[in-house]
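Student: Take this structure first; my questions come after.
We did not get these values from a lab; they are worked out from the coordinates using the rules stated. Since the model is a prediction, treat every value here as computed from it, not as a measurement. With ideal geometry, Cβ positions are generated from the backbone for all residues, glycine too; neighbour counts draw on all protein chains shown.
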Amino acid sequence: MKVVMLSTDPSVLVSGSPARERMQAYSTIAEKLYVIVLHRVSKEKPPVALAAEVPSRIRIGRRLVLCPTYSSSKIGMFFDCLRVAKKVLPPKNSGVRTQWLITAQNPFEVGILGAFLAWRHDVRLELQLHTDMESPYFKHQSVANLMRTYTARFLIPRAAGVRVVSTRIARSIAARARRKPSVLPVCVSVGVLRTSPIRLEIRKKYPQFDFFILVVSRLTREKDVGTALKALGEVVKKYPKTGLLIIGDGPERKNLELQATSYKLQANVMFLGWQEDVLSYYRGAHVYLLTSLYEGYARTLVEAASLGCPVVTSDVGVSGELFAHDNNALVCPVGDADCFARELLRIREDGHLARALSVRAEQTINDHVIAKEDYLMQCAKIWRECLK
């Protein structure tokens, strides 16, 4: 089979990047994999490319071809994608419908492109869904998200297949899909995580704290890190040497810094930006905290749990699928700062509970996380099903 993947991740064009490595892995299960990278460029944002020149195609081995659009605007991306796809996909009525598959990174804007190309060239379409679009928090976050939800509801019944990252998402769209959605969790290299060396002793770097709460997240509204700050405020009243380390950055950082100041938590909160050595923070923290309003999968939960860090999380993503309250994690309703504070205090005050949660979570990860080879085999099977 030949696959055309529509991607919005420009890091695919960077040699050695995780995204590039994923594409190379995908190419091993297809006769040919063309990745059309919807990449917007300008004077302020020059092209992400391998060399000084800007190639229209980047061939990697015999099976992988990267096709960046290098568009000057969002609208231009649509027409540039059509132009690139016309050179790659077979013409309509060429009799190869069951040999070509288009897979779109999401069922929203990229899904519209994928659906149009599938109709124009008479080939099959797979939609990928990596977020919980039926969550009320997603739909009501913005008018754009509400429109995305309705777009996905229109496209999903018309796709040959839908691939999602969690059972939670599969259940939410099952009634709309032509066939049962395929669940393929995010591939987390647990073995690599566990064998990576500890490069930083955070308990030595921040001696002012005797208890560490870790958050690893983009600082955006849906991550609801403000609720983590509210919960910390309650914990600090009883244990003033508690520290919250926030790894990540984003448009909400300034607001969160102001919020920490208004709660008089400047001495307890460290905004660290993105860090290369996140694993050392997972290993050094006493608890990992996730307060998101919605998630598709919540990869950081799996990473933290696989390294023995107890987890306190909102009921999103794989919570309920991999993590159960009072079994291998502590789970709170979305946005419930009082619950988060209460569960953080339980971890702080009950070392036996923390160890039990950690051990059971590690065992769950061992039992459920799939290896890279199995992930690719399942993906190939899903693609073949779409072509039937």
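Student: To two decimal places, what compactness ratio does region 194-368 give when its Cα radius of gyration is scaled by 2.2 N^0.38 Å? Write down the numbers at each step before the final one.
Tutor: On the way: Rg = 14.7 Å, N = 175, 2.2 N^0.38 = 15.7 Å.
The reported ratio for this selection is 0.94.
Student: Which is farthest toward the positive dipole end of the chain among C379, L256, L117, measuring Cα position about the Cα centre, with Cβ charges +1 (Lys, Arg) and -1 (Asp, Glu)?
Tutor: The residue sitting farthest along the positive end of the dipole is L117.
Student: Sticking with this one: So what is the 222 nm mean residue ellipticity for the chain from helices alone, if each DSSP H run of at least 4 adds -39500 (n - 2.57) and you divide by all residues, rounding to the nearest 500 deg cm²/dmol?
Tutor: It comes out at -12000 deg cm²/dmol, rounded to the nearest 500.
Student: Given a cut-off of under 8 Å on Cα pairs at least six residues apart, what relative contact order in percent is computed for the chain?
Tutor: Values: 736 pairs, mean separation 53.8, N = 388.
Worked out over the chain, it gives 14 percent.
Student: Further question: For K241, give me every one of the lysines with a C-alpha distance below 23 angstrom, ignoring sequence neighbours fewer than eight places off in its own chain.
Tutor: K204, K205, K230, K264
Student: Please identify the trypsin sites (Lys or Arg not before Pro) of region 259-363 that satisfy two criteria: DSSP loop assignment and at most 15 other Cβ atoms within 10 Å. Which are they?
Tutor: For trypsin sites (Lys or Arg not before Pro) across region 259-363 that sit outside H, G, I, E and B with at most 15 neighbouring Cβ atoms in 10 Å, the list reads K264.
Student: Can you list which of the GluC sites (Glu not before Pro) found in region 253-321 are DSSP loop residues with at most 13 other C-beta atoms within 10 Å?
Tutor: E276
Student: Between V359 and F79, what is the label-point separation in nm under the 7 Å Cα-to-beta-carbon projection?
Tutor: Distance between the two pseudo-spin positions: 6.5 nm.
Student: Give me Rg over Rh for region 135-219, both radii from the alpha carbons and Rh done the Kirkwood way, two decimal places.
Tutor: Rounded to two decimals, Rg/Rh equals 1.18.
Student: Still on this structure, please answer the following. Each residue of region 152-166 in turn: what ³J(HN,Hα) in whole Hz from Karplus with 6.51, -1.76, 1.60 and θ = phi - 60°, glycine and Pro shown as x?
Tutor: Karplus values, whole Hz, x for Gly and Pro: 5, 4, 6, 7, 4, x, 9, 8, 5, x, 10, 10, 10, 9, 8.
Student: Find, among the trypsin sites (Lys or Arg not before Pro) in region 188-227, those assigned to loop by DSSP (not H, G, I, E, B) with at most 11 other beta-carbon atoms within 10 angstrom.
Tutor: Sparse-neighbourhood loop trypsin sites (Lys or Arg not before Pro): R199.
Student: OK, next. Rg (Å, one decimal) plus Dmax (Å, integer) for the alpha carbons of region 53-163?
Tutor: 15.5, 45
Student: Dipole size in debye (nearest 20) for region 57-151 around its Cα centre, Lys and Arg Cβ +1, Asp and Glu Cβ -1?
Tutor: Dipole about the Cα centre, nearest 20: 600 debye.
Student: Restricting to Cα pairs below 8 Å that are 6+ residues apart, what does the relative contact order work out to for region 144-296? Please round to a whole percent. Write out the running numbers ahead of the final one.
Tutor: Values: 204 pairs, mean separation 38.9, N = 153.
Relative contact order of region 144-296: 25 percent.
Student: Pop out the Kirkwood hydrodynamic radius of the chain from its pairwise C-alpha distances, inverse of mean 1/r, in Å to one decimal. Kindly include the intermediate steps, with their values, before the conclusion.
Tutor: Values: mean 1/r = 0.0446 Å⁻¹.
Its Kirkwood hydrodynamic radius stands at 22.4 Å.
Student: Collect residues whose amide H, placed 1.01 Å from N in the peptide plane, falls under 5 Å from the amide H of T103; neighbours closer than 5 in sequence don't count.
Tutor: Excluding prolines and chain starts, which carry no amide H, the hits are V4, M5, L6, E126.
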